[in-house]
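What follows is a single structure, written as structure tokens, with notes after it.
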Amino acid sequence: MQAIFIFTKDRVHTFKLTFERVRDFPYPLFVIDDSVDKNNRRVVEETISGRDETFYCNNESYQLFLRQKQVICTSVDLLCGQLGNFDWNLGLARNYALMIAQSGRFEKVLFMDDDIIVHDRTLPDRAFKLLDHHLVVGAHITGLTDNSITGHIASAFSISTAVMVSGGFMAFKPDDVQFYFMNIYNEDWIWQFINGFASDLSWAGEAEHIDADKWSNGVSKACFQEFGELALDCASAAFEAQNWMILSESDFIGIIKATRRTYLLNLTELARIDNKPELARLLDVSEKQLEAISPKALQNHFNRYFEQNTLLRSYFPDERNSSQVPQKAHAF
């Protein structure tokens, strides 16, 4: 079975645009709704009503799913929790979708965000076919580049960043996945590194990321993103070394932190030389946020993540031996 999952959170307008482009695709469709506003949840559910093989999944169905699987959320709180609140829950939402897919023994899945427009209706077909030869398949994203605040600044100075598959359009085989998503910024790229997928990526075509002001709420974004930025640098370095044990070493994380500090300082110098004080101010925020991150704290976060990943997988020991294909909406 192949299926598409769309993740949405209080962006009804862009969700409708995304849904209209995928509603005629010949695949079951799951909408994971993390919206806080109950009116937004109502609109999303009404928007998808009437389409066959379409499943609306909100916090209520999520909690029911976890109870049915006897998952004790307090023991895996980095990977499971509550949806529909003001927290950043994209990692939790992606894990919910992954658990649905693995429980249902789905062969291939496509994850999409609620601000991605697919103009070519053959794109999902090509992505699924490419999974016969690659571990993760994405789309080249046009429009607003999927990047962090510091990544946008680097691009402004023609400094290239890593090329990975954006979680906004990402296809993979659930059976290939050993590690769940971390619930921090950069969860998609970190997940690709930790699962060992980063060496075998492909792109099926193009998809459009709906344009928005990339500098909007820049200060809050810079504050929020920095922990995930450092975690991504650590995961990338561990992948290159083919050694995940070093993520449990605070000295290693300290070295990566120092390297990132130098990177940010170099960007700040370029911003000042180019007379872009607004970019220098954002980088100053990122630098201060980085300074506040203790290598020991990130080491502990990685340790807890790996421990909880093992525990969460233990709740699903026989999933590949029994099919749980959904029969109706709210099944999950």
Name the residue that is surrounded by the most Cβ atoms within 10 Å (Cβ to Cβ), counting only residues in region 27-59 that are assigned to a helix (DSSP H, G or I) and hydrophobic (A, V, I, L, M, F, W, C). V44
Counted residues in region 99-149 being crowded, with 22+ Cβ neighbours inside 10 Å, small (G, A, S) and part of a strand (DSSP E or B) come to 2
I'd like the full set of residues that are surrounded by 16 or more Cβ atoms within 10 Å (Cβ to Cβ) and not in a helix (DSSP H, G or I), limited to region 265-309. K276, I293
Inside region 237-249, can you point out the residues that are of a type in the set (S, T, N, Q) and buried (at least 16 other Cβ atoms within 10 Å of the Cβ)? none
Show the residue pairs meeting these rules: Cβ distance below 9 Å; 6+ apart or different chains; first residue within region 146-157 and acidic (D, E); second residue modelled with pLDDT under 95 and part of a helix (DSSP H, G or I). none
Per the list (1) part of a loop (DSSP other than H, G, I, E, B); (2) touching a residue at least 40 places away in the same chain (Cβ under 8 Å); (3) closer than 17 Å to F111 by Cα, residue check on M164 breaks on (2)
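Here is a yes/no grid of residues against (1) of a type outside the set (V, I, T); (2) closer than 30 Å to P124 by Cβ:
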site	(1), (2)
A198	yes, yes
Q225	yes, yes
A238	yes, no
Q242	yes, no
S250	yes, no
L279	yes, no
V285	no, no
Taking the options A231, A171, A235, name whichever one is in the same structural domain as N89 (by TED's automatic domain parsing), within 16 Å of the chain's Cα centre (by Cα) and closer than 27 Å to G81 by Cβ. A171
Only one of A162, A156 that is closer than 20 Å to A241 by Cα and in the same structural domain as F111 (by TED's automatic domain parsing): A162
Which of the residues spanning region 60-96 are over 24 Å from R42 (Cβ atoms), touching a residue at least 12 places away in the same chain (Cβ under 8 Å), in a loop (DSSP other than H, G, I, E, B) and among the aliphatic types (A, V, I, L, M)? V71, L78, L79
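The rows are residues; the columns are (1) over 24 Å from I184 (Cβ atoms); (2) polar (S, T, N, Q); (3) exposed (fewer than 15 other Cβ atoms within 10 Å of the Cβ).
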site	(1), (2), (3)
I6	no, no, no
F25	yes, no, no
L64	yes, no, yes
S75	no, yes, yes
A93	no, no, no
Count - residues of region 209-225 that are surrounded by 20 or more Cβ atoms within 10 Å (Cβ to Cβ) and among the aliphatic types (A, V, I, L, M): 1
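Let's see how each residue does on (1) crowded, with 23+ Cβ neighbours inside 10 Å; (2) outside any strand (DSSP E or B); (3) at pLDDT below 95:
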position: I159; (1), (2), (3): no, yes, yes
position: M170; (1), (2), (3): yes, no, no
position: F179; (1), (2), (3): no, yes, no
position: Y185; (1), (2), (3): no, yes, no
position: F193; (1), (2), (3): yes, yes, no
position: A198; (1), (2), (3): no, yes, no
position: A207; (1), (2), (3): yes, no, no
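The values are calculated or read from the model by the stated rules, or taken from the named source; none is laboratory data. This structure is a prediction, so every number in the text was calculated from the model and none was measured. Counting neighbours? That spans all protein chains shown, and the Cβs are built from the backbone with ideal geometry, glycine included.
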